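**Q** Okay, handing you the structure first.
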Amino acid sequence: MSSLKDTLKADLTTAMKARDEIRTRTIRMALAAVSTEEVAGKAARQLSDDEIVKVLTREAKKRREASEAFAGAGRAEQARAELDEQAVLEEYLPAQLSDEELDALVQEAITESGAEGPKAMGQVMKVLNPKVAGRAEGGRVAQAVRARLAG
């Protein structure tokens, strides 16, 4: 079993003992998402820590999007609950790249791939994605690459 999954299970026990409902609810949801991912496909498998980080990133993104939807609908209490869950999930994710760090990685990937112009975005993304995996959202990375290639 991966160390991140062990950490999640241990933290769930701690949160339950502390009667921390937000953490308990969020970690249970995260473990359920991991379990679902483990049995998805043709054969059950154990997820690596990197795969668990991807699942947690996806779940955090869902919480952020749900919060925006609730806020837009005037449901501040539900929006706050979604943001609270997102904050708990982000504790288990790697630190996000700053804009400066992302720009430096984008420039390095452009240089490495020899890409020029907006049509070469795919080449740059192919080089860049493994370097930023889990540390920056895909849309943010694509926007930075697009801006750099455009001029």
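Yes/no matrix, rows are residues, columns are (1) out of contact with any strand residue (DSSP E or B) (no Cβ under 9 Å at 6 or more places or on another chain); (2) farther than 25 Å from residue 136 by Cβ; (3) open to solvent by less than 80 Å² (accessible area, probe 1.4 Å):
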{"position": "10", "(1), (2), (3)": "yes, yes, yes"}
{"position": "17", "(1), (2), (3)": "yes, yes, no"}
{"position": "24", "(1), (2), (3)": "yes, yes, yes"}
{"position": "27", "(1), (2), (3)": "yes, no, yes"}
{"position": "37", "(1), (2), (3)": "yes, no, yes"}
{"position": "42", "(1), (2), (3)": "yes, yes, no"}
{"position": "59", "(1), (2), (3)": "yes, no, yes"}
{"position": "67", "(1), (2), (3)": "yes, no, yes"}
{"position": "74", "(1), (2), (3)": "yes, yes, yes"}
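**Q** Another question about this same structure. Considering only residues that are in contact with a Lys or Arg (Cβ under 9 Å, 6 or more places away or on another chain) and charged (D, E, K, R), which ones fall in the range 113-151?
**A** Once the filter is applied, which keeps residues that are in contact with a Lys or Arg (Cβ under 9 Å, 6 or more places away or on another chain) and charged (D, E, K, R), the range 113-151 yields only 137.
**Q** Here is a check on your reading of the model: is residue 120 within 28 Å of residue 52 (Cα to Cα) and of a type in the set (Gly, Ala, Ser)?
**A** So residue 120 fails the test.
**Q** Give me the pairs: first residue in the range 8-28 and in contact (Cβ under 8 Å) with a residue 12 or more places away in the chain, second residue assigned to a helix (DSSP H, G or I) and exposed (fewer than 15 other Cβ atoms within 10 Å of the Cβ), beta-carbon distance under 7 Å, and six or more apart or on different chains, which are they?
**A** Pairs that qualify, where the first residue is in contact (Cβ under 8 Å) with a residue 12 or more places away in the chain and the partner is assigned to a helix (DSSP H, G or I) and exposed (fewer than 15 other Cβ atoms within 10 Å of the Cβ), are 12/28; 24/16.
**Q** When the range 103-151 is examined, which residues are found to be in contact with a Ser or Thr (Cβ under 6 Å, 6 or more places away or on another chain) and open to solvent by 60 Å² or more (accessible area, probe 1.4 Å)?
**A** 123
**Q** Inside the range 71-98, can you point out the residues that are free of Cβ contacts under 8 Å to residues at least 12 places away in the same chain and either at positive phi or of a type in the set (Asp, Glu) (or both)?
**A** Answer for the range 71-98, where residues must be free of Cβ contacts under 8 Å to residues at least 12 places away in the same chain and either at positive phi or of a type in the set (Asp, Glu) (or both): 74, 77, 91.
Conditions tested, residue by residue: (1) in a helix (DSSP H, G or I); (2) of a type in the set (A, V, I, L, M, F, W, C); (3) closer than 30 Å to residue 22 by Cα; (4) in contact with a Gly (Cβ under 6 Å, 6 or more places away or on another chain).
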| site | (1), (2), (3), (4) |
| --- | --- |
| 62 | yes, no, yes, no |
| 67 | yes, no, yes, no |
| 70 | yes, yes, yes, no |
| 81 | yes, yes, yes, no |
| 102 | yes, yes, no, no |
| 120 | yes, yes, no, no |
| 123 | yes, no, no, no |
| 143 | yes, no, no, no |
| 147 | yes, yes, no, no |
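**Q** Just to verify a result, which residue in the range 89-100, among those that are part of a helix (DSSP H, G or I) and surrounded by fewer than 14 Cβ atoms within 10 Å (Cβ to Cβ), is modelled with the highest pLDDT?
**A** The selected residue is 100.
The values are calculated or read from the model by the stated rules, or taken from the named source; none is laboratory data. Nothing here was measured: the structure is a model prediction, and the numbers come from that model. Cβ: placed from backbone, ideal geometry, glycine included. Neighbour counts: every protein chain shown. All accessible areas refer to the heavy atoms of the entire protein, side chains included, with ligands and DNA or RNA removed. Shrake-Rupley method; radii C 1.70, N 1.55, O 1.52, S 1.80 Å.
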